[in-house]
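Comments concern the structure below.
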Amino acid sequence: MNNRAQVFALHVNGQTHHVTVEADTPLLYVLRNDLELNGPKFGCGLGECGACTVLVDGVAARSCVVPVKAVVAREVTTLEGLGSIQEPNPVQRAFIEQQGAQCGYCLNGMIMTVQALLNRNPHPTEQQIREELKYNLCRCGTHVEIMAAAVQAATKQQ
């Protein structure tokens, strides 16, 4: 074991996990490599594309630039923690119904960003949704379907 590695208790998707890593290890690496959660994706590694988005205490965070030490004693929610295949949450269901994915790589970030918006504003306007999603990159061009899914999810909140 590395002299700098420490044991951290992380609260992810309602469960406590103990991991031994360096304090500055990106949360994304722990989620994918140690906890085997594949919702968050490695995209740019710079916090700019949104593929790695998770919720930290209900707020969207780019897990590729958040160190593990920053989420101790906080609740981390990944795509897997929102719902299940059998029972997707309203945002996940809207993305399924509106076919809001082509390759699917950006989907995690889009869904988690919409969920974070709805956590703090259950009735956003279409313009507020657009503003929220403008820093999430999609190279496949499913923007119309993504917006339709986000609007549907917001409408079902009302």
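Quick note: the coordinates plus some simple rules give every number you see, no bench work behind them. All figures in this text were calculated on a predicted structure; none of them were measured in a lab. FYI the Cβ positions are ideal-geometry reconstructions off the backbone, even for glycines, and counts take in every protein chain you see.
Taking amide H as placed 1.01 Å from N in the peptide plane, the amide H of Q6 sits under 5 Å from that of V21, E22, A23, each at least 5 places away or on another chain. Here the contact order of the chain, divided by its residue count and restricted to Cα pairs under 8 Å and six or more residues apart, works out to 23 percent. Phi angles of region 99-116 translate, via the Karplus equation with coefficients 6.51, -1.76, 1.60 and θ = phi - 60°, into HN-Hα couplings of 6, x, 8, 10, 7, x, 5, 7, 4, 3, x, 5, 5, 5, 5, 5, 4, 4 Hz per residue; Gly and Pro are given as x. Rounded, prolate or oblate: pick one for the chain, where a ≥ b ≥ c are the square roots of the eigenvalues of its C-alpha gyration tensor, a/c under 1.5 means rounded, and failing that, prolate if a/b is larger than b/c, else oblate. Because a/c hits 1.5 or more and a/b exceeds b/c, the chain counts as prolate.
In this simple spin-label approximation, Q102 and K134 carry label points 7 Å from Cα along the Cα→Cβ vector, and these lie 2.2 nm apart.
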